[in-house]
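Participant: What follows is a single structure, and I will ask about it in a moment.
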Amino acid sequence: MVAMSLWLQYRIAELRDSEDGAAAVEYGLLVGLIAVAIIAAVALLGTKLDEMFDFVNTKLAEVPSGTTGT
């Protein structure tokens, strides 16, 4: 019983002193921050890209068929 208690105390101290969990949390926070940045960029630029593609589509529709552009 004493051996099990000592082993349990050793494992708890080992887990408490380990920094592996902290590194995982930091990586998780970085991934979350990158995801937020990507979502914000898509939200802000998405409308502008849609407008640009609509403009290009309109201009292409105005070009008579059979022209080579030269």
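Participant: Out of everything in the range 46-60 that is among the hydrophobic types (A, V, I, L, M, F, W, C) and open to solvent by 100 Å² or more (accessible area, probe 1.4 Å), what residue ends up being nearest to the chain's Cα centre (by Cα)? Spell out how you get there, then give the answer.
Facilitator: We begin by selecting, within the range 46-60, every residue among the hydrophobic types (A, V, I, L, M, F, W, C); these are 49, 52-53, 55-56, 60.
Still in the running and open to solvent by 100 Å² or more (accessible area, probe 1.4 Å): 53, 55, 60.
Numbers: PHE53: 25, PHE55: 30, LEU60: 35 Å.
Result: PHE53.
Participant: While we're looking at this one, here's another question. Out of curiosity, is LEU29 exposed (fewer than 10 other Cβ atoms within 10 Å of the Cβ) and assigned to a helix (DSSP H, G or I)?
Facilitator: No: the conditions fail for LEU29.
Participant: Let me ask something else about it. Just a yes or no: is a residue in the range 1-19 assigned to a helix (DSSP H, G or I), modelled with pLDDT of 85 or more and open to solvent by less than 100 Å² (accessible area, probe 1.4 Å)?
Facilitator: Scanning the range 1-19 turns up no residue that is assigned to a helix (DSSP H, G or I), modelled with pLDDT of 85 or more and open to solvent by less than 100 Å² (accessible area, probe 1.4 Å).
The values are calculated or read from the model by the stated rules, or taken from the named source; none is laboratory data. Note that the structure is predicted; figures quoted are calculated from it, not measured. As a convention, Cβ positions derive from the backbone with ideal geometry for all residues, glycine included, and neighbour counts pool all protein chains shown. Just the protein is used for accessible areas: all its heavy atoms, side chains included, with ligands, DNA and RNA removed. Shrake-Rupley method; radii C 1.70, N 1.55, O 1.52, S 1.80 Å.
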